[in-house]
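A quick write-up on the structure given underneath.
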Amino acid sequence: MDDPHPERSGRTTGTDPSPGRRRTLAAFGAACASAALPGVARAQGAWPSKPVRFIVPFPPGGSTDLMAREVAQGVSAAIGQPVVVENRAGAASTVGSTAAARSAPDGYTFLFTSSHIAIVPSLYPNLAFDPLKDFVPVSLVCTLPVILVANPSLAAKSVAEIVELSKRSPQGLTFGSSGNGGVSHLSGELFKSMTQANLRHVAYKGGGPAMTDLIGGHVNLMFDAVSTSMPHIKSGAIRPVAWTGSKRSSILPDLPTIAESGVAGYDSSSWLGMFAPTGTPPEIVQRIAREVRATLDRPEVRERQLALGVEIVANTPEEFGRQLATEIPKWRKVVEVSGAKAD
């Protein structure tokens, strides 16, 4: 019987190629091997040779979008190509995140998102992507202190008064959020579960529309990133009540935390970060991470963001990966305690 795999027995078929043909075949084989190595051919090419895009899975105008545009400007100047911010909102950030996960891992698509990426696995059992498997971390960008704010017409001015008023009101009080399953939503649900306050959640398609309705008095409260709340606090359009994190922020040092205000153990905060589709060449991931850190280290950027209450905390891909691995179980506990559901 003929051996179907002659190479396994050391036999060859046909005639031995000439020396010149052997050299040609060897060169072809080397070229194929080089192309097969992850990132080698691309790293040796002229990357980037076209615009890079940052997919933001939220609408324009929110804290994630605003920071993405700040970072995009700096990275664009460094790499010599436009960096386009593409807003792809929907389903608590999963629409844009799924699109990013399915993008070609060629160094031209990145996901610029919030800590939603660590929350959605607990809300969507059939999630179309796995944050740990389908993405590689690029860099943590910043932490966003979250603040409980109220419409100025609300009679209650403290955490205790809000809880009491909500229980006295037949319809309770309303709190708006940027959408089901986000930090602004879960912060409210955690507050509700720990205080037994009579609160009704009103989900919006983004933080911008929610803030507009808070200012207009259509909802009573909001758990919002201080970066987007601060301009309205300064103008008097909304009133700060308390910080949701474990410590106060220097932007409003006299404002207490919710935990200090009688809800012991309450802690909810948010962050922004960047990811690339798994398979993106490591050298490109490292390059983008360096340019992100360089952008955020600029004094004018730090000063501008500090004025908004944003705490710049850029780190390495490795450090960010370890953080994500701890964030997912942390938010799973919050979802379980609050009973929060996604649409």
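The values are calculated or read from the model by the stated rules, or taken from the named source; none is laboratory data. Computed from a predicted model, the values in this text were never measured in an experiment. Every residue, glycine among them, receives a Cβ derived from its backbone with ideal geometry; neighbour counts consider all protein chains shown. Protein only, heavy atoms only, side chains kept; ligands, DNA and RNA dropped before computing areas. Shrake-Rupley method; radii C 1.70, N 1.55, O 1.52, S 1.80 Å.
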#### Entry: Where region 89-231 is the region considered: accessible area per residue in Å², 1.4 Å probe
34 Å²
### Query
Net charge near Ile79, counting Lys/Arg +1 and Asp/Glu -1 over other residues with Cβ under 12 Å of its Cβ?
+2
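Starting from the Kirkwood radius over alpha-carbon pairs of region 235-335, derive D by Stokes-Einstein at 10 °C in a medium of 1.306 mPa s and give it in µm² s⁻¹. All intermediate terms of the calculation are to be shown ahead of the outcome.
On the way: Rh = 16.4 Å.
Translational D for this selection: 97 µm²/s.
Where only protein heavy atoms count, and the probe is 1.4 Å, what is the accessible area per residue for region 263-343 in Å²? Before the final figure, lay out each step's value.
Details: 3790 Å² over 81 residues.
Computed with neighbouring chains in place, this is 47 Å² per residue.
Give me the tail of P(r) for the chain as a percent: Cα-Cα pairs with distance above 39 Å.
Values: 14893 of 58653 pairs.
Tail of P(r) above 39 Å: 25 percent of Cα pairs.
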### Message
What are the extents of the Cα atoms of region 198-239 along their three principal axes, in Å, largest first?
### Response
27, 19, 16
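For region 136-191, report the translational diffusion coefficient in µm²/s to the nearest whole number, using Stokes-Einstein at 20 °C, 1.002 mPa s, and a Kirkwood Rh over Cα pairs. Intermediate values should be presented prior to the final figure.
Values: Rh = 13.5 Å.
The estimated diffusion coefficient comes to 159 µm²/s.
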### Query
How far is helix 282-296 tilted off the main Cα axis of the chain, in degrees rounded to 10, range 0 to 90?
30 degrees
## Note on the structure
Cβ-Cβ cut-off under 13 Å around Arg239, Lys and Arg +1, Asp and Glu -1: the net charge is 0
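Is region 168-223 rounded, prolate or oblate when judged by the Cα gyration tensor, a ≥ b ≥ c being the square roots of its eigenvalues, rounded requiring a/c under 1.5 and prolate requiring a/b larger than b/c? Kindly include the intermediate steps, with their values, before the conclusion.
Values: a/c = 2.54, a/b = 1.26, b/c = 2.02.
Here region 168-223 falls in the oblate category.
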### Query
Per the 1.4 Å probe, what fraction of the accessible area of the chain, in percent, lies on carbon and sulfur atoms?
55 percent
### Task
Please go through the residue pairs Lys157/Lys247; Lys234/Lys341; Lys133/Lys192; Lys234/Lys333 and name each one whose alpha carbons sit more than 30 Å apart in this structure.
Lys234/Lys341; Lys133/Lys192; Lys234/Lys333
### Query
Which whole number of Å³ per residue matches the convex hull of the alpha-carbon atoms in region 118-218?
132 Å³
### Summary
Computed curve, region 283-343, Cα-only Debye sum without solvent term, log₁₀ I(q)/I(0) at 0.22 Å⁻¹, is -0.90
## Note on the structure
Pro51 neighbourhood, Cβ < 13 Å, K/R = +1, D/E = -1, net charge 0
### Message
Debye calculation, C-alpha points only, no solvent: report log10 I(q)/I(0) for region 163-312 at q = 0.10, 0.18 Å⁻¹, in the same order as the q values.
### Response
-0.43, -1.13
